[in-house]
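Here's the structure, in structure tokens; my notes come after.
The values are calculated or read from the model by the stated rules, or taken from the named source; none is laboratory data. Not measured: the values here are computed from a predicted model. Because the Cβ atoms are built from the backbone with ideal geometry, glycine has one as well, and the counts that use them run over all protein chains shown. Heavy atoms of the whole protein, side chains included, go into the accessibility calculation; ligands, DNA and RNA do not. Shrake-Rupley method; radii C 1.70, N 1.55, O 1.52, S 1.80 Å.
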Amino acid sequence: MAMRTCQKIKTTVNVLGKFSLRDFSGVKNLKMSKWQEEKDKFLGMSLENKRELYKSYTQLKDIPTWQEYAKKESLAKKIAAKLDFTMDDSLNETLREKISLFQGDITKLEVDAIVNAANSSLMGGGGVDGAIHRAAGPLLLEECKSLRGCETGDAKISGGYKLPAKYVIHTVGPRGEKPGLLQNCYKNSLKIMLDKKLKSIAFPCISTGIYGYPIEPAAHVAISEVRKHLESHADEVERVIFCVFLPEDERVYEGALQSYFPVK
Ligand code: AR6
């Protein structure tokens, strides 16, 4: 019996001896998902190399700040703010340089993070979610599978893959007008931005498409949450961009921004 055990140990040692340590690290690497390797590769790329992947993009320096934008002659009529906090007016001058209103495709923005108006499965969908997945490529979906969904109002981060943005923050807006949940989307996305030390972020108008939240009350929630965040964290933020897709949404944001980030 003892002889047999001895023989077994010998055989095992012989078999193991045929592998070097490198072979075992290889096994470990095989277990690493493709998206994990690729995510690191994309994040480690120089800007010059990464730009080869996406043909058209808008750099942060080319997006006017709200201060610059508001000089436009044909600014839409001001919409009064709905405040549930007291604004510190001494910060107005600083804060209107920290935000932007941009009309266009969020997938083109070369910023640290863009926010995705996702659904709770995080498996992709239509609207801005579909556009982000198409532009990032299929590995985004692979990483999203590992995130195990997202509750309404919560937010989770992934890599940006082939997008000009380094990261995507996925948040799930409410269906219909539910201000508390929409507030959480902005709050939790901004918290991730802060935790990850990201400097620039672009938000679409969460919930205002397929999920049917009316644009004006949604703009109030979005803008007031950003104002609140910036009042405490202005130094950690370079820019928060409100990315609107439709020209009529741009008019609404113009009107509301004049109250939360007064320029005149
Ligand atoms: N860039 C910027 N904004 C965009 C873009 C784009 N490329 N495309 C659309 N928008 P929606 P939701 C705007 O419907 O209402 C998806 O199927 C659009 O004009 O994308 O939160 C998800 O998987 C609108 O202002 O998101 C969910 O199932 C805003 O993005 C569901 O839709 C949000 O519209 C989420 O619905």
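Working value for the chain: equivalent-ellipsoid semi-axes of 46, 19, 17 Å, each the square root of 5 times a Cα gyration tensor eigenvalue, largest first. About its Cα centre, the chain has a charge dipole of approximately 1520 debye under the convention of +1 per Lys or Arg Cβ and -1 per Asp or Glu Cβ, with nothing else charged. Amide H to amide H distances under 5 Å link L109 with T58, where only residues 5 or more positions off or on other chains count and H is placed in the peptide plane. Legend: residue pairs K61/K264; K145/K187; K50/K71, Cα-Cα distance threshold 29 Å; pairs beyond threshold, K50/K71. Across the accessible surface of region 31-260, with the other protein chains kept in place and a 1.4 Å probe, carbon and sulfur atoms take up 50 percent. Taking amide hydrogens as placed 1.01 Å from N in the peptide plane, the amide H of G125 sits under 5 Å from those of G130, each at least 5 positions away in sequence or on another chain.
The mean accessible area for residues of the chain, using a 1.4 Å probe and ignoring ligands and nucleic acids, is 54 Å² per residue.
Computed on protein heavy atoms with a 1.4 Å probe, the accessible areas place E238, E142 in the order E238, E142, largest first. Among A70, L43, S146, which residue has its Cα furthest toward the positive end of the charge dipole of the chain, with +1 on Lys/Arg Cβ and -1 on Asp/Glu Cβ? In the chain, that residue is S146. Taken as Cα centroids, region 51-65 and region 181-232 sit 22 Å apart, rounded to the nearest whole angstrom. Relative contact order (percent) for region 155-239, with alpha-carbon contacts under 8 angstrom and 6 or more residues of separation? Once normalised by length, the contact order is 30 percent.
List the relative contact order of the chain as a percent without decimals, with contacts defined as Cα pairs under 8 Å and 6+ residues apart.
Once normalised by length, the contact order is 24 percent.
For region 176-183, putting each phi into the Karplus relation 6.51 cos²θ - 1.76 cosθ + 1.60 with θ = phi - 60° gives couplings of x, 7, 10, x, x, 6, 5, 4 Hz, in residue order, rounded to whole numbers and with x for Gly and Pro. Put K82, K108 in order of accessible area, highest first, and with a 1.4 Å probe you get K82, K108. Between D88 and E236, residue separation times 0.36 nm minus the direct Cα-Cα distance comes to 51.5 nm.
Heavy-atom accessible area for T86, with the other protein chains in place and a 1.4 Å probe, reaches approximately 120 Å². Across L47, L194, the residue with the most accessible area heads the list, and the full order at a 1.4 Å probe is L47, L194. Here the 3J(HN,Hα) profile of region 145-154, calculated from phi with Karplus coefficients 6.51, -1.76 and 1.60 at θ = phi - 60°, is 4, 6, 7, 6, x, 7, 6, 4, x, 8 Hz, Gly and Pro shown as x.
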